[in-house]
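In what follows, a structure is listed as C-alpha coordinates, so that the remarks can point back to it.
The values are calculated or read from the model by the stated rules, or taken from the named source; none is laboratory data. All figures in this text were calculated on a predicted structure; none of them were measured in a lab. A quick note on method: Cβ atoms are made from the backbone with ideal geometry, for glycine too, and the neighbour counts reach across all protein chains shown. Just so you know, the surface numbers come from the protein's heavy atoms only, side chains and all, with ligands and any DNA or RNA stripped out. Shrake-Rupley method; radii C 1.70, N 1.55, O 1.52, S 1.80 Å.
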Amino acid sequence: HGEAFKFGRKSEFEYKGSNALNYASCSMIHNVKPLDGNQKNSLADFAFLSNVAYLNNEAATNSLNEWFGNGTVFNLVTNVTEFKTEYQEKEGIKSPVEYKLLEFPSQDLMVVAVRGTYNSWDTLADMQLWSSAQLAQDVRAILPLGIWWTDILSHIVKAISVIENKALKDVSYYRETTAFVELLRGKGYDNIQIVGHSLGGGIAMITGAQTETSAIALSGPNNMISRRTFIPQITPEALDKYTFNIVPDRDLVPRIDDLAENYQRIKCRSTSNNPISCHTGMRSLCEILYTCGSNDRPIPCFCTNNYHFEMPTSINGAIFSQECPKVETK
(Lines give C-alpha, C1' and ligand atoms only; values in the text may rest on other atoms or scores of the structure.)
Protein backbone atom coordinates (compact mmCIF):
# COMPACT_ATOMS: atom_id res chain seq x y z
CA HIS A 1 0.00 0.00 0.00
CA GLY A 2 3.00 2.32 -0.25
CA GLU A 3 2.45 3.52 -3.82
CA ALA A 4 -0.24 5.84 -5.09
CA PHE A 5 -3.10 4.20 -6.93
CA LYS A 6 -2.96 4.26 -10.72
CA PHE A 7 -6.07 5.20 -12.68
CA GLY A 8 -7.49 5.39 -16.14
CA ARG A 9 -8.44 9.00 -16.90
CA LYS A 10 -12.00 9.84 -15.92
CA SER A 11 -12.35 11.93 -19.06
CA GLU A 12 -11.69 8.81 -21.16
CA PHE A 13 -13.25 5.85 -19.33
CA GLU A 14 -16.35 5.06 -17.34
CA TYR A 15 -18.37 2.31 -15.78
CA LYS A 16 -21.96 3.01 -16.71
CA GLY A 17 -23.36 0.94 -13.84
CA SER A 18 -25.34 -2.24 -13.76
CA ASN A 19 -28.24 -2.74 -16.15
CA ALA A 20 -30.06 -4.36 -13.26
CA LEU A 21 -31.02 -2.55 -10.05
CA ASN A 22 -28.09 -0.76 -8.44
CA TYR A 23 -27.35 -0.96 -4.74
CA ALA A 24 -29.85 1.09 -2.76
CA SER A 25 -27.01 3.02 -1.11
CA CYS A 26 -25.01 3.95 -4.22
CA SER A 27 -26.00 7.54 -3.41
CA MET A 28 -26.14 7.94 0.36
CA ILE A 29 -28.51 10.80 1.09
CA HIS A 30 -29.70 10.94 4.68
CA ASN A 31 -27.31 12.33 7.32
CA VAL A 32 -24.26 11.89 5.06
CA LYS A 33 -22.84 14.99 3.42
CA PRO A 34 -21.34 14.49 -0.06
CA LEU A 35 -17.58 14.96 -0.05
CA ASP A 36 -17.37 17.31 -3.02
CA GLY A 37 -21.01 18.04 -3.78
CA ASN A 38 -21.45 15.02 -6.07
CA GLN A 39 -24.02 12.94 -4.22
CA LYS A 40 -24.01 10.18 -6.85
CA ASN A 41 -20.57 8.98 -5.76
CA SER A 42 -20.94 8.85 -2.01
CA LEU A 43 -20.71 5.07 -1.52
CA ALA A 44 -17.72 4.79 -3.87
CA ASP A 45 -16.09 7.86 -2.30
CA PHE A 46 -16.26 6.41 1.20
CA ALA A 47 -14.93 3.06 -0.01
CA PHE A 48 -12.10 4.88 -1.75
CA LEU A 49 -11.16 6.85 1.39
CA SER A 50 -11.17 3.64 3.42
CA ASN A 51 -8.49 2.33 1.05
CA VAL A 52 -6.53 5.61 1.06
CA ALA A 53 -6.04 5.18 4.82
CA TYR A 54 -3.46 2.45 4.05
CA LEU A 55 -1.28 4.67 1.87
CA ASN A 56 1.70 6.70 3.02
CA ASN A 57 1.00 10.42 3.06
CA GLU A 58 2.63 11.26 -0.27
CA ALA A 59 0.83 8.44 -2.07
CA ALA A 60 -2.44 9.37 -0.35
CA THR A 61 -2.20 12.99 -1.48
CA ASN A 62 -1.48 11.97 -5.08
CA SER A 63 -4.35 9.47 -5.10
CA LEU A 64 -6.78 11.97 -3.57
CA ASN A 65 -5.92 14.55 -6.23
CA GLU A 66 -6.47 11.98 -8.98
CA TRP A 67 -9.83 10.94 -7.56
CA PHE A 68 -11.37 14.26 -6.52
CA GLY A 69 -9.31 16.77 -8.50
CA ASN A 70 -6.50 19.07 -7.36
CA GLY A 71 -7.38 21.41 -4.53
CA THR A 72 -10.56 19.55 -3.51
CA VAL A 73 -9.19 17.73 -0.46
CA PHE A 74 -6.16 18.28 1.77
CA ASN A 75 -4.34 15.68 3.86
CA LEU A 76 -3.64 17.44 7.18
CA VAL A 77 -0.62 15.43 8.28
CA THR A 78 0.68 17.85 10.93
CA ASN A 79 -2.64 17.97 12.78
CA VAL A 80 -2.62 14.21 13.24
CA THR A 81 1.07 13.98 14.14
CA GLU A 82 0.83 16.67 16.81
CA PHE A 83 -2.30 15.16 18.34
CA LYS A 84 -0.86 11.62 18.41
CA THR A 85 2.31 12.81 20.13
CA GLU A 86 0.43 14.81 22.75
CA TYR A 87 -2.23 12.16 23.36
CA GLN A 88 0.16 9.24 23.68
CA GLU A 89 2.48 11.15 26.01
CA LYS A 90 -0.48 12.15 28.18
CA GLU A 91 -1.88 8.59 28.32
CA GLY A 92 1.55 6.96 28.68
CA ILE A 93 0.92 4.59 25.76
CA LYS A 94 2.41 3.76 22.39
CA SER A 95 -0.62 3.14 20.21
CA PRO A 96 -0.11 1.70 16.70
CA VAL A 97 -3.43 3.02 15.42
CA GLU A 98 -3.02 5.08 12.24
CA TYR A 99 -5.47 7.54 10.72
CA LYS A 100 -5.57 10.54 8.41
CA LEU A 101 -7.43 13.83 8.66
CA LEU A 102 -8.81 14.91 5.29
CA GLU A 103 -10.28 18.38 4.80
CA PHE A 104 -12.84 19.20 2.09
CA PRO A 105 -12.95 23.02 2.28
CA SER A 106 -15.77 23.56 -0.22
CA GLN A 107 -18.03 21.38 1.91
CA ASP A 108 -16.71 22.61 5.27
CA LEU A 109 -16.12 18.94 6.02
CA MET A 110 -13.50 16.89 7.86
CA VAL A 111 -13.08 13.15 7.29
CA VAL A 112 -11.10 10.90 9.63
CA ALA A 113 -9.88 7.82 7.72
CA VAL A 114 -8.77 4.98 10.02
CA ARG A 115 -6.34 2.37 8.71
CA GLY A 116 -7.42 -1.27 8.94
CA THR A 117 -5.54 -4.43 9.85
CA TYR A 118 -1.96 -3.96 8.70
CA ASN A 119 0.28 -6.13 10.87
CA SER A 120 0.25 -8.81 13.57
CA TRP A 121 -0.48 -6.28 16.32
CA ASP A 122 -3.58 -5.11 14.49
CA THR A 123 -4.67 -8.73 14.05
CA LEU A 124 -4.31 -9.23 17.79
CA ALA A 125 -6.47 -6.17 18.39
CA ASP A 126 -9.13 -7.63 16.08
CA MET A 127 -9.14 -10.89 17.98
CA GLN A 128 -9.22 -9.40 21.46
CA LEU A 129 -11.81 -6.70 20.86
CA TRP A 130 -14.31 -8.96 19.10
CA SER A 131 -13.49 -12.55 20.12
CA SER A 132 -16.10 -12.61 22.90
CA ALA A 133 -18.80 -11.35 20.55
CA GLN A 134 -17.86 -14.02 17.99
CA LEU A 135 -18.01 -16.70 20.69
CA ALA A 136 -21.43 -15.46 21.80
CA GLN A 137 -22.68 -15.65 18.19
CA ASP A 138 -21.36 -19.22 17.87
CA VAL A 139 -23.07 -20.31 21.10
CA ARG A 140 -26.33 -18.66 20.02
CA ALA A 141 -26.17 -20.50 16.71
CA ILE A 142 -26.04 -23.97 18.31
CA LEU A 143 -28.53 -23.39 21.15
CA PRO A 144 -32.17 -24.35 20.63
CA LEU A 145 -34.12 -21.12 20.14
CA GLY A 146 -30.78 -19.34 20.36
CA ILE A 147 -32.21 -16.12 18.95
CA TRP A 148 -34.02 -15.65 22.28
CA TRP A 149 -30.61 -15.11 23.90
CA THR A 150 -29.77 -12.08 21.74
CA ASP A 151 -30.92 -9.47 24.27
CA ILE A 152 -28.65 -10.80 27.02
CA LEU A 153 -25.58 -11.54 24.91
CA SER A 154 -24.21 -8.03 25.39
CA HIS A 155 -24.34 -8.52 29.18
CA ILE A 156 -22.49 -11.85 28.92
CA VAL A 157 -19.81 -10.31 26.70
CA LYS A 158 -19.49 -7.39 29.12
CA ALA A 159 -18.89 -9.82 32.00
CA ILE A 160 -16.13 -11.51 30.02
CA SER A 161 -14.55 -8.15 29.21
CA VAL A 162 -14.28 -7.29 32.92
CA ILE A 163 -12.08 -10.36 33.36
CA GLU A 164 -9.97 -9.36 30.35
CA ASN A 165 -9.89 -5.66 31.28
CA LYS A 166 -6.12 -5.06 31.06
CA ALA A 167 -5.70 -6.94 27.78
CA LEU A 168 -8.62 -5.10 26.18
CA LYS A 169 -7.33 -1.72 27.29
CA ASP A 170 -4.04 -2.36 25.50
CA VAL A 171 -5.81 -2.82 22.16
CA SER A 172 -8.56 -0.22 22.57
CA TYR A 173 -7.45 1.84 19.60
CA TYR A 174 -10.85 3.52 19.47
CA ARG A 175 -10.00 5.58 22.57
CA GLU A 176 -7.48 7.59 20.59
CA THR A 177 -9.71 8.11 17.56
CA THR A 178 -12.61 9.09 19.81
CA ALA A 179 -10.41 11.61 21.61
CA PHE A 180 -9.30 12.98 18.24
CA VAL A 181 -12.86 13.48 17.01
CA GLU A 182 -13.78 15.13 20.32
CA LEU A 183 -10.81 17.49 19.89
CA LEU A 184 -12.03 18.44 16.41
CA ARG A 185 -15.49 19.15 17.78
CA GLY A 186 -13.96 21.26 20.53
CA LYS A 187 -12.22 23.33 17.86
CA GLY A 188 -15.55 24.10 16.22
CA TYR A 189 -15.63 21.51 13.43
CA ASP A 190 -19.27 20.44 13.24
CA ASN A 191 -19.19 18.48 9.97
CA ILE A 192 -17.10 15.37 10.59
CA GLN A 193 -17.31 11.89 9.11
CA ILE A 194 -15.29 8.78 9.91
CA VAL A 195 -14.38 5.97 7.52
CA GLY A 196 -12.32 2.81 7.70
CA HIS A 197 -11.83 -0.69 6.32
CA SER A 198 -11.67 -3.90 8.37
CA LEU A 199 -10.34 -3.09 11.87
CA GLY A 200 -10.41 0.57 10.82
CA GLY A 201 -14.11 0.21 10.02
CA GLY A 202 -14.85 -1.34 13.39
CA ILE A 203 -12.99 1.47 15.15
CA ALA A 204 -14.76 4.06 12.99
CA MET A 205 -18.16 2.72 14.04
CA ILE A 206 -17.23 2.67 17.73
CA THR A 207 -15.96 6.25 17.60
CA GLY A 208 -18.96 7.30 15.51
CA ALA A 209 -21.41 5.93 18.05
CA GLN A 210 -19.48 7.38 21.00
CA THR A 211 -19.20 10.88 19.51
CA GLU A 212 -22.50 10.91 17.58
CA THR A 213 -20.63 11.24 14.28
CA SER A 214 -21.53 9.60 10.95
CA ALA A 215 -19.27 6.58 10.45
CA ILE A 216 -19.06 4.48 7.28
CA ALA A 217 -17.22 1.17 7.47
CA LEU A 218 -16.09 -1.11 4.68
CA SER A 219 -15.97 -4.75 5.83
CA GLY A 220 -15.84 -3.67 9.46
CA PRO A 221 -16.58 -5.94 12.44
CA ASN A 222 -19.81 -4.84 14.12
CA ASN A 223 -20.44 -3.68 17.67
CA MET A 224 -23.99 -4.49 18.69
CA ILE A 225 -23.19 -7.44 20.99
CA SER A 226 -19.87 -5.99 22.20
CA ARG A 227 -21.27 -2.45 22.75
CA ARG A 228 -21.10 -2.65 26.56
CA THR A 229 -17.38 -3.50 26.55
CA PHE A 230 -16.31 -0.11 25.20
CA ILE A 231 -15.50 2.94 27.33
CA PRO A 232 -17.82 4.77 27.31
CA GLN A 233 -20.42 2.15 26.48
CA ILE A 234 -22.48 2.68 23.35
CA THR A 235 -26.17 2.13 22.81
CA PRO A 236 -28.07 0.26 20.08
CA GLU A 237 -29.76 3.56 19.24
CA ALA A 238 -26.40 5.28 18.61
CA LEU A 239 -25.19 2.41 16.41
CA ASP A 240 -28.44 2.48 14.43
CA LYS A 241 -28.34 6.25 13.98
CA TYR A 242 -24.68 6.98 13.26
CA THR A 243 -23.09 3.87 11.73
CA PHE A 244 -23.19 2.20 8.32
CA ASN A 245 -21.35 -0.94 7.21
CA ILE A 246 -20.63 -2.17 3.67
CA VAL A 247 -20.80 -5.98 3.74
CA PRO A 248 -19.35 -7.98 0.81
CA ASP A 249 -20.63 -11.50 0.15
CA ARG A 250 -18.52 -14.26 1.72
CA ASP A 251 -16.50 -11.76 3.77
CA LEU A 252 -16.33 -13.16 7.29
CA VAL A 253 -15.15 -10.02 9.11
CA PRO A 254 -18.36 -7.93 8.80
CA ARG A 255 -20.26 -10.98 10.06
CA ILE A 256 -18.51 -10.73 13.41
CA ASP A 257 -20.96 -9.36 16.00
CA ASP A 258 -24.48 -8.31 14.98
CA LEU A 259 -25.16 -5.70 12.33
CA ALA A 260 -26.77 -2.41 13.29
CA GLU A 261 -29.73 -1.08 11.32
CA ASN A 262 -27.85 0.52 8.41
CA TYR A 263 -25.74 -1.58 6.06
CA GLN A 264 -25.34 -2.42 2.39
CA ARG A 265 -24.57 -5.90 1.12
CA ILE A 266 -22.51 -6.00 -2.08
CA LYS A 267 -21.38 -8.80 -4.35
CA CYS A 268 -17.97 -10.41 -4.25
CA ARG A 269 -16.97 -11.63 -7.71
CA SER A 270 -13.96 -13.57 -6.45
CA THR A 271 -13.77 -17.26 -7.31
CA SER A 272 -15.48 -19.58 -4.85
CA ASN A 273 -12.14 -21.03 -3.70
CA ASN A 274 -10.79 -17.59 -2.75
CA PRO A 275 -13.21 -16.09 -0.19
CA ILE A 276 -10.38 -14.22 1.56
CA SER A 277 -10.23 -11.89 -1.43
CA CYS A 278 -13.79 -10.79 -0.61
CA HIS A 279 -12.32 -8.87 2.35
CA THR A 280 -10.04 -6.83 0.09
CA GLY A 281 -11.06 -3.18 0.24
CA MET A 282 -9.83 -2.47 -3.30
CA ARG A 283 -11.98 -5.29 -4.71
CA SER A 284 -15.02 -3.84 -2.94
CA LEU A 285 -14.28 -0.37 -4.35
CA CYS A 286 -14.24 -1.87 -7.87
CA GLU A 287 -17.52 -3.67 -7.22
CA ILE A 288 -19.20 -0.43 -6.18
CA LEU A 289 -17.85 1.47 -9.20
CA TYR A 290 -18.85 -1.34 -11.56
CA THR A 291 -22.40 -1.67 -10.19
CA CYS A 292 -23.19 1.94 -9.24
CA GLY A 293 -21.32 3.57 -12.12
CA SER A 294 -18.14 5.62 -11.93
CA ASN A 295 -19.98 8.97 -12.29
CA ASP A 296 -16.97 11.14 -13.18
CA ARG A 297 -14.55 9.28 -10.90
CA PRO A 298 -11.40 7.68 -12.38
CA ILE A 299 -11.34 3.89 -12.55
CA PRO A 300 -8.39 2.27 -10.73
CA CYS A 301 -6.16 0.08 -12.85
CA PHE A 302 -6.33 -2.68 -10.25
CA CYS A 303 -10.02 -3.26 -11.05
CA THR A 304 -9.16 -4.95 -14.35
CA ASN A 305 -5.55 -5.96 -13.71
CA ASN A 306 -5.89 -7.50 -10.26
CA TYR A 307 -9.57 -8.27 -9.78
CA HIS A 308 -10.60 -9.06 -13.36
CA PHE A 309 -13.53 -6.72 -13.70
CA GLU A 310 -14.67 -5.95 -17.22
CA MET A 311 -12.91 -3.21 -19.13
CA PRO A 312 -14.67 0.13 -18.69
CA THR A 313 -16.39 1.86 -21.57
CA SER A 314 -14.14 4.13 -23.60
CA ILE A 315 -15.63 7.60 -24.03
CA ASN A 316 -13.40 8.92 -26.82
CA GLY A 317 -11.79 5.80 -28.21
CA ALA A 318 -8.85 5.44 -25.80
CA ILE A 319 -7.80 1.90 -24.81
CA PHE A 320 -7.85 1.16 -21.08
CA SER A 321 -5.24 -1.60 -21.22
CA GLN A 322 -2.78 0.90 -22.71
CA GLU A 323 -3.33 3.36 -19.85
CA CYS A 324 -3.25 0.54 -17.32
CA PRO A 325 -0.75 -2.03 -18.61
CA LYS A 326 -0.33 -5.09 -16.43
CA VAL A 327 2.96 -5.22 -14.58
CA GLU A 328 4.62 -8.55 -15.25
CA THR A 329 6.03 -10.22 -12.13
CA LYS A 330 8.91 -12.65 -12.24
- [ ] Select from region 146-190 the residues that are part of a helix (DSSP H, G or I), modelled with pLDDT of 95 or more and among the small types (G, A, S) and write down the one among them that is surrounded by the most Cβ atoms within 10 Å (Cβ to Cβ).
- [x] A179
Task: Which numbered condition N70 fails, given (1) modelled with pLDDT of 95 or more; (2) part of a helix (DSSP H, G or I); (3) not hydrophobic (A, V, I, L, M, F, W, C) - done: (2)
Task: Selection count where residues are out of contact with any strand residue (DSSP E or B) (no Cβ under 7 Å at 6 or more places or on another chain) and part of a loop (DSSP other than H, G, I, E, B), scope region 297-317 - done: 9
Task: Those residues of region 272-281 which are assigned to a loop (DSSP other than H, G, I, E, B) and closer than 19 Å to R115 by Cα, in sequence order - done: T280
- [ ] Taking only region 235-266 into account, find how many residues are open to solvent by 30 Å² or more (accessible area, probe 1.4 Å) and part of a helix (DSSP H, G or I).
- [x] 7
Task: Among (1) farther than 13 Å from A179 by Cβ; (2) surrounded by 17 or more Cβ atoms within 10 Å (Cβ to Cβ); (3) within 19 Å of the chain's Cα centre (by Cα); (4) not aromatic (F, W, Y), the one test that N79 misses - done: (3)
Open item on the list: Which condition from (1) assigned to a helix (DSSP H, G or I); (2) within 19 Å of the chain's Cα centre (by Cα) is the one that R228 breaks?
Closed with: (2)
Task: Subset of region 297-330 that is surrounded by fewer than 16 Cβ atoms within 10 Å (Cβ to Cβ), at pLDDT 95 or above and among the β-branched types (V, I, T) - its residue that is nearest to L43 (Cα to Cα) - done: T313
Task: Options S284, S294; residue that is part of a loop (DSSP other than H, G, I, E, B), in contact with a strand residue (DSSP E or B) (Cβ under 9 Å, 6 or more places away or on another chain) and either over 21 Å from K10 (Cβ atoms) or open to solvent by less than 20 Å² (accessible area, probe 1.4 Å) (or both) - done: S294
TODO: Please go through region 198-217 and pick out each residue that is touching a strand residue (DSSP E or B) at 6+ places or on another chain (Cβ under 8 Å) and not in a helix (DSSP H, G or I).
DONE: S198, T213, S214, A215, I216, A217
Task: Matching residues, region 254-264, being in contact with a Phe, Trp or Tyr (Cβ under 9 Å, 6 or more places away or on another chain) and touching a residue at least 24 places away in the same chain (Cβ under 8 Å) - done: P254, I256, D257, A260, Q264
- [ ] Might you let me know whether region 217-232 holds any residue that is open to solvent by 10 Å² or more (accessible area, probe 1.4 Å), without any contact (Cβ under 8 Å) to a residue 40 or more places away in the chain and more than 24 Å from Y307 (Cα to Cα)?
- [x] yes
TODO: Of the conditions (1) open to solvent by less than 10 Å² (accessible area, probe 1.4 Å); (2) in a loop (DSSP other than H, G, I, E, B), R269 clears all except one; give me its number.
DONE: (1)
TODO: Select from region 86-106 the residues that are open to solvent by 70 Å² or more (accessible area, probe 1.4 Å) and closer than 22 Å to T117 by Cα and list them in ascending order.
DONE: I93, K94, E98
Open item on the list: So G220 ticks every box in (1) more than 15 Å from the chain's Cα centre (by Cα); (2) not in a helix (DSSP H, G or I) but one. Which box is left unticked?
Closed with: (1)
Open item on the list: Just checking, does region 191-205 include any residue being touching a residue at least 12 places away in the same chain (Cβ under 8 Å) and open to solvent by 30 Å² or more (accessible area, probe 1.4 Å)?
Closed with: yes
